[in-house]
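Worksheet: one structure, shown below.
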Amino acid sequence: MVRCIAIDDEPLALHQIKSYIDRCEHLELVATCRSAYEAQGILESTNVDLIFVDINMPDMNGIDFVRSLKTSHYIIFTTAYAEFALDGFKLNAIDYLLKPFSFDEFTKAVQKVVSLVDLVERCHAAESAIAQNEAEGSGSDKEYISVKADYKTQLVKIADIVYLESAGEYVRLHIEGCSTITTLFRLKNMETSLPQDGFLRVHRSYIVNLKRISSYTKGRIFLDNGEYIPLGENYKERFFEYFDNRL
């Protein structure tokens with residue numbers, strides 16, 4: 001099931017999109033929003049896969065809204081202005097629906113997303129199996145993990161990983177020396193392939209190498225490379241428990 005929101009400042013247009021979504025068995029409507037700012041509030045607290053967004057809206061238009069997103073989502077633009085199409089596709093939108101659009105046009109755009117979601121899930125299932133095998137077979141003393149990136153498999157030294165960051169359907173490994181590796185992998189699956197006594201989930205989007213922590217203050221974890229990452233509210237108890245047990 002693909003979780004989605006619809007954003008449009010026109011009530012009639014928003015009602016039409018909602019009715020189309022209700023007719024699609026693969027879609028689950030999370031919310032309808034009359035502005036980009038309202039949608040930002042939804043995205044901060046709710047997991048959403050797909051966003052239907054009008055381009056020509058007051059205050060913040062759809063193009064600027066998508067550019068402002070901090071997490072990855074599938075995007076389908078909806079607008080009455082064809083001249084915005086090029087800008088939309090520059091943002092890697094899945095499709096562009098020109099108003100008024102039919103239910104058939106709508107379902108064709110949705111099917112593109114459904115096919116991509118299915119492909120990503122199958123990739124994740126395969127990666128999860130690999131991670132589980134690595135975790136079961138190597139224990140906490142393993143020195144490297146294998147990561148698929150740039151059409152090849154790389155061996156990454158675990159001790160060199162400073163922290164891991166979720167980027168939608170991908171994970172960025174921040175490596176000693178300020179380099180990064182991006183791989184199609186979910187953070188929770190990556191977590192199982194790392195030594196449990198050396199890495200800790202400290203935020204829904206971050207896992208940190210415990211040996212790389214230099215200090216902590218006011219919700220920020222500072223690392224020995226000069227960077228800092230946030231400490232999520234739901235992860236504070238485990239974080240402080242870990243350090244209390246070692247003092």
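No value in this document is a laboratory result; all are computed from the given coordinates. Worth saying up front: this structure is predicted, and the values here are computed from it rather than measured. Neighbour counts are summed over all protein chains in view; Cβ atoms, including those assigned to glycine, are modelled from backbone coordinates with ideal geometry.
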| query | Charges only on Cβ, +1 for Lys and Arg, -1 for Asp and Glu: so what's the dipole of the chain about the Cα centre, in debye to the nearest 20? | reply | 460 debye
| Listing 1, 190 from the residue with the fewest other Cβ atoms within 10 Å to the one with the most, what is the order? | 1, 190
| query | Across all directions of projection, what mean area in square nanometres is found for the Cα convex hull of the range 142-244? | reply | 6.4 nm²
| field | Relative packing of 221-227, 99-105, which averages over residues the other C-beta atoms within 10 Å, highest first | value | 221-227, 99-105
| How large is ³J(HN,Hα) for each residue in the range 92-97, as worked out from phi by the Karplus curve 6.51 cos²θ - 1.76 cosθ + 1.60 (θ = phi - 60°), to whole Hz, x for Gly and Pro? | 6, 5, 5, 7, 9, 9
| Among all the lysines, which ones have a C-alpha under 16 Å from residue 157's C-alpha, if same-chain residues fewer than 8 places away are not counted? | 142, 148, 211
| Along the charge dipole of the range 2-119, which of 103, 51, 13 sits closest to the positive end, that is, farthest toward it, with unit charges on the beta carbon of Lys, Arg, Asp and Glu (+1, +1, -1, -1)? | 51
| note | Helix-only [θ] at 222 nm, the chain, -39500 (n - 2.57) per DSSP H run of 4+, per residue, nearest 500, equals -11000 deg cm²/dmol
| query | Using θ = phi - 60° and the Karplus curve 6.51 cos²θ - 1.76 cosθ + 1.60, what whole-Hz ³J(HN,Hα) does each residue of the range 72-78 get, with Gly and Pro shown as x? | reply | 8, 9, 7, 10, 10, 7, 10
| query | What's the exposure ranking of 81, 228, going from fewest to most Cβ atoms within 10 Å? | reply | 81, 228
| message | Please report Rg (one decimal) and Dmax (integer) in Å for the Cα set of the chain. | response | 20.8, 65
| request: Calculate how steeply helix 103-138 sits against the longest principal axis of the alpha-carbon atoms of the chain, using the helix alpha-carbon long axis, and give the answer as 0 to 90 degrees to the nearest 10. | output: 10 degrees
| query | Any idea what angle helix 36-45 forms with the longest principal axis of the chain, computed on alpha-carbon atoms, 0 to 90 degrees, nearest 10? | reply | 40 degrees
| field | Calculated FRET efficiency for the pair residue 59/residue 159, C-beta based, R₀ 51 Å, to 0.05 | value | 0.60
| message | What does the C-alpha gyration tensor say about the overall shape of the range 2-119? Classify as rounded when a/c is under 1.5, otherwise prolate if a/b is larger than b/c, or oblate. | response | rounded
| query | Residue-wise, which Karplus ³J(HN,Hα) couplings in Hz belong to the range 50-64, taking 6.51 cos²θ - 1.76 cosθ + 1.60, θ = phi - 60°, and x for glycine or proline? | reply | 10, 10, 8, 9, 6, 8, 8, 10, x, 6, 9, 7, x, 5, 5
| Taking amide H positions as placed 1.01 Å from N in the peptide plane, with prolines and chain starts having none, which residues 5 or more places from residue 56, or on another chain, fall under 5 Å of its amide H? | 62, 80
| request: Measure nothing fancy, just the Cα-based angle from helix 11-22's long axis to the longest principal axis of the chain, in degrees from 0 to 90, nearest 10. | output: 60 degrees
| note | Rounded to one decimal in nm, the spacing of the 7 Å Cα→Cβ label points at residue 68 and residue 148 is 3.6 nm
| request: Starting from the amide H of residue 49, placed 1.01 Å from N in the peptide plane, find each other amide H under 5 Å away whose residue is 5 or more places distant or on another chain. | output: 3, 4
| note | The answer for residue 33, listing residues at least 5 apart or on another chain whose modeled amide H is closer than 5 Å to its amide H, is 6, 7, 8
